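Structure record follows, encoded as structure tokens.
The values are calculated or read from the model by the stated rules, or taken from the named source; none is laboratory data. Because the structure is a prediction, the values reported are computed rather than measured. Quick reminder, even Gly has a Cβ in these numbers, built from the backbone with ideal geometry, and neighbours come from all protein chains shown. Just the protein is used for accessible areas: all its heavy atoms, side chains included, with ligands, DNA and RNA removed. Shrake-Rupley method; radii C 1.70, N 1.55, O 1.52, S 1.80 Å.
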Amino acid sequence: MRPIPEGRRPHMIRFLQSKDNRFVKAIFIVIIGAAVVTMVVTLIPGIFQDASVTADTYATVYPHWYSRFTFTGEKISMTRVQELAQQQMERQRLPEQYASLFMPRFMAQAGQQLILQKILLAKATGMGIVATEDDVRSFLKTGQLGEIFFPKGQFVGEDKYKQFVSQNFNMTTGDFEKAVAEDIEIQRLRSLITAGVTVSDQEIRDTYRKQNIKIKFDYAVISQDDLRKQINPTDADLQAFFTKNAARYANAVPEERKISYFAFTADQIPGGAAKATDQEIQAYYQAHQTEYQVPEQARSRHILIKFPSGTSKTDAEAKAKADALLKQIKAGGDFADLAKKNSEDPGSGAQGGELGFAKRGTMVPEFDSAIFTQKIGDVTLIHTQYGYHLIQVEERQTAHNQALSEVKPAIEVTLIRQKESQAEAAYAATLATEAQKNGLAKTAAAHHLEVVTTPSLNPQGIIPGLPDGSQVIAKAFTAKLNGDPQFAQSGEGFAIFQVTGITAAHAPSFADWKPKVANDYAEERLPQLLAEKTKELADKAKAEKDLAKAAKEVGATVKTSDLVGDQGQVPDLGQLGSVAPQLFELNPGDISGPINAQRTGVVAKIDDKVSPTPEEIAKNLDQTRDQIVNQRQEEVFGIFVSNAQDEYKKAKLIAVNAKVAQQAGPGDQPGQ
């Protein structure tokens, strides 16, 4: 490349060559240097690798671009992500067998939540928002947990505080207080971002009026089920539909397989019933000691006098009643009878106050302390967040292991089942090996068993001769035609089987599939026909100004609604505000246009319309204002959060552990 002549060099270069601009040159050098470094970081991933990233690092969130060079990002641990994912999955109450299937998705969701939390905390810090120790203490004293940590304004003590946090949050108190501080900061950030949200009084009145209008109406209903009777295609119509939708029916008939098998049950295994020796029982007991641990526990009963939740009693009244009951018991009164008549705990009151055994740490701290410290048989009065309790401890057990004599029968049953299962599997493997050499028929005959061949079965088929043939069918659909015999559980033993016929998935003939084609034809035609009929009904009703007459002419059914608001449910329509909000704009006597609900078409005539009075609107002004403001604040903060996420993604300030990204499913990558 030829050099640019002196006279043609850009002004910027001549400017930088000037001897009188050294300070400005230095600034430009810094800017250009930063740009170059940024390009290197962007274009060469990993060149500035954070040495503090470990196998337990899920992701790192950097508060600003230069923190990538100082490695001062906020780490999110894999352990924390797994804990949060597990909590979320438990709240969904998914069956245990699906845990491994859904865990990756819950992990991705938990990771995204924690990444977002770090972004919002960085934004809060950038705006000068900080939660102090005093802020945390004030929250713990006056917030939702105030009654637990500071009952009657008094701190419960360090030991009880640590115990509660550990049992309920699985955290140290330090980590718990840090989490509280972070939550305070995010809430303050939200308040700052949404502080400018306002709403006028007129808008509040209009909103309340619109939300609380109620209408009563007659409505004519046309259902798809009724219209189905009007769809009578000819064979030629169905044949044409079948041909047009050839791709739809290309594999309509699923693959089918014939299975030849013989089966045995546990009582047909040579060698007789399994037994467990004393030595085996002893060995199992020693190897499973943790299963036989009985924790420290106490059996108690109580009488609860509530205050203040759910009652109109004052604290003094509740205490007075509890004191009176305590005097009756100490004077010889029957605890169980008094509990049935006076206890306000619906769960235990009817049972004479009986609570059964409780492990240490499972009750609220005051109750827990009482049942593990007071003398057995004594009755004491304590106060908790639920009210006043008269407690009597009936029995306490120290932590211990169950003796072998207690658990021997259960261990014996377990060992026998294990032996039977192992014997069945071993016998099935032996028969399958033998069948590979001699064939199914000879092997079955040699063991006095019978070979059965099923008709062609699809993957959801049933083998009539087996209590549960699902595992046999599942394996059969992965086996080769006339391949080596295999074995699978059959519900009551095992089956040894071989695939002896395969019919590939294929298109059916029109004759075989005609009923299904007719149903598909009707399902495709029904929405259009319903729309046409509903429009016809609406046009007739408006032209004749008579909904009932128009309904009769088109064969619709007329019904009458209750007086309902936009949240009301109406038969054949659903939630009115979602399906037909336009009805609230009509006046009595007006007839609506066609309304398309799920599998029904509706035309309505308004009979009555009731709007809230000015007094009602004024009475609910503040509540409605809060509702609208909260909704708009959510929208504003949602936009802020979305923009913050986009900003961090574009600036590449979210570094996800590469192994995490590989494990996440498509579309589940955290930070994406």
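Counting lysine pairs in region 96-243 whose alpha carbons fall under 18 angstrom apart, excluding pairs fewer than 8 residues apart on the same chain, gives 8.
Which number do you get for Rg(Cα) / (2.2 N^0.38 Å) in region 547-593?
Details: Rg = 11.6 Å, N = 47, 2.2 N^0.38 = 9.5 Å.
Taking the Cα Rg and dividing by 2.2 N^0.38 Å, one obtains 1.22.
With a Förster radius of 41 Å applied to the beta-carbon distance between D546 and Q575, the computed FRET efficiency rounds to 0.90. What is the diffusion coefficient of region 176-232 in µm²/s, taking the Kirkwood radius over Cα pairs and the Stokes-Einstein relation at 4 °C with a viscosity of 1.567 mPa s? Rounded, D is 74 µm²/s. Relative to the current alpha-carbon distance between K442 and D159, full extension at 0.36 nm per residue lengthens the span by 94.5 nm. The accessible surface of region 367-521, taken with every protein chain in place and a 1.4 Å probe, is 52 percent carbon and sulfur.
Given a 1.4 Å probe and every protein chain left where it sits, what share in percent of the accessible area of region 119-175 is carbon and sulfur?
Numbers: 1730 of 3560 Å².
Looking at region 119-175 in its full context, I get 49 percent from C and S.
Accessible surface area normalised per residue over region 87-229 is 60 Å², counting heavy atoms of protein chains with a 1.4 Å rolling probe.
A Förster radius of 41 Å, combined with the Cβ-Cβ distance separating D201 from T314, puts the computed FRET efficiency at roughly 0.60. Pairwise Cα distances in region 456-554 exceed 15 Å for 75 percent of all pairs.
Its Cα gyration tensor gives region 380-453 an equivalent ellipsoid, and the semi-axes of that ellipsoid, as √(5λ) in whole Å with the largest first, are 61, 17, 9. For region 90-156, the calculated P(r) over all alpha carbon pairs, in 10 Å bins from 0 to the bin holding the longest distance, is 17, 23, 25, 29, 7 percent.
Let me check I have the definition right: for the chain, take the eigenvalues of the Cα gyration tensor, multiply each by 5, take square roots. What are those semi-axes in whole Å, largest first?
Numbers: eigenvalues 538, 493, 391 Å².
They are 52, 50, 44 Å, listed largest first.
Using the 1.4 Å probe convention, the accessible area of region 452-598 works out to 54 Å² per residue with neighbouring protein chains retained. Modelled spin-label separation between T243 and D225, with each label point placed 7 Å from Cα along the Cα-to-Cβ direction: 3.6 nm. Expressed in Å, the radius of gyration and Dmax of the Cα atoms of region 568-661 are 22.7, 67. Rolling a 1.4 angstrom probe over the protein heavy atoms with all chains in place gives region 285-387 an accessible area of 53 Å² per residue.
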